[in-house]
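So the structure is just underneath, and the comments pick up after that.
The values are calculated or read from the model by the stated rules, or taken from the named source; none is laboratory data. Predicted, not measured: the structure shown is a model, and the values here were computed from it. Backbone-built Cβ (ideal geometry, glycine too); neighbour counts: all protein chains shown. Surface accessibility is based on the protein's heavy atoms, side chains included, excluding ligands, DNA and RNA. Shrake-Rupley method; radii C 1.70, N 1.55, O 1.52, S 1.80 Å.
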Amino acid sequence: MLFHFRTKFPQLNVYWDRYLEFQKRLDIPAKTILLEEGEKSQNYIFIEKGCVRSFFNNNGEDKTVQFFFENEGLTSFDSFVNDVPSQFTIETIEPSIVYLLPKKYVTQLMEELSTEPDFLQMILQIAAQRQTHYINEFVSFIRDSPEQRYEKLLKERPHIVQRVAQHYIAAYLGVSTVHLSRIKSKLAKGKSHF
């Protein structure tokens, strides 16, 4: 929730600019681990180019939690804020260009920004949007079938289906790649009920 908000909140650019020199630019291949599950998150990650996923290991199986793309930022938030081991691994799934801003500079930046009028309201809005997204995902996993979740993904976030490998999408939906192939086949044949 930092540098990718430059365009949204241009009045704060003077703050962003002060911290650009502390970012570390990485031009990295797919399957690069940026944070390992169980490690403490020490960096805020901004994606200039590429795709990143967060996932956890469940008895030897990867369970993808979320995908991130250009001009988005992420970290293992609980780990980053509370200095506890991360519950998630963060990994590139495309060749990517990312920037890392160490935690101490994020903390300094946030302290500086806290004196800015309307900053608290901005942070609350951003946090509410993220929280709403996660709640909707959680409810969907309880309420909707994998087929319904896939159709929703096609409708609301088609860029994921276009850019992300099928085995990651299957892990995100909580199904096997075989089941995902069946879902796609039935949808291609025009059958909306399974």
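Quick check on region 8-17. Is at least one of its residues assigned to a strand (DSSP E or B) and not β-branched (Val, Ile, Thr)?
Taking every residue of region 8-17 in turn, none turns out to be assigned to a strand (DSSP E or B) and not β-branched (Val, Ile, Thr).
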A careful count of residues in region 131-178 that are open to solvent by less than 60 Å² (accessible area, probe 1.4 Å) and assigned to a helix (DSSP H, G or I) gives 18
Within region 11-29, of all residues that are at pLDDT below 80 and either under 23 Å from the mean Cα position of the chain (by Cα) or surrounded by 15 or more Cβ atoms within 10 Å (Cβ to Cβ) (or both), the one nearest to residue 72 (Cα to Cα) is 16
Note on region 109-126: residues farther than 15 Å from residue 46 by Cβ and either in contact (Cβ under 8 Å) with a residue 40 or more places away in the chain or in contact with a Pro (Cβ under 8 Å, 6 or more places away or on another chain) (or both) are 112, 113, 116, 119, 122, 123
Please determine whether any residue of region 83-103 is open to solvent by 60 Å² or more (accessible area, probe 1.4 Å) and either modelled with pLDDT under 95 or over 21 Å from the mean Cα position of the chain (by Cα) (or both). no
By residue number, the members of region 51-75 that are open to solvent by less than 20 Å² (accessible area, probe 1.4 Å), of a type in the set (Val, Ile, Thr) and closer than 20 Å to residue 103 by Cα are 52
For region 19-35, pairs from a residue that is over 10 Å from residue 95 (Cα atoms) to a residue that is open to solvent by 70 Å² or more (accessible area, probe 1.4 Å) and among the polar types (S, T, N, Q), with Cβ under 8 Å and 6 or more apart or across chains, are 19/108
Residue set 50, 60, 38; condition free of Cβ contacts under 8 Å to residues at least 60 places away in the same chain and under 22 Å from residue 158 (Cα atoms); output residue 50
**OP:** Would you confirm whether any residue within region 186-193 is surrounded by 11 or more Cβ atoms within 10 Å (Cβ to Cβ) and closer than 24 Å to residue 76 by Cβ?
**Re:** no
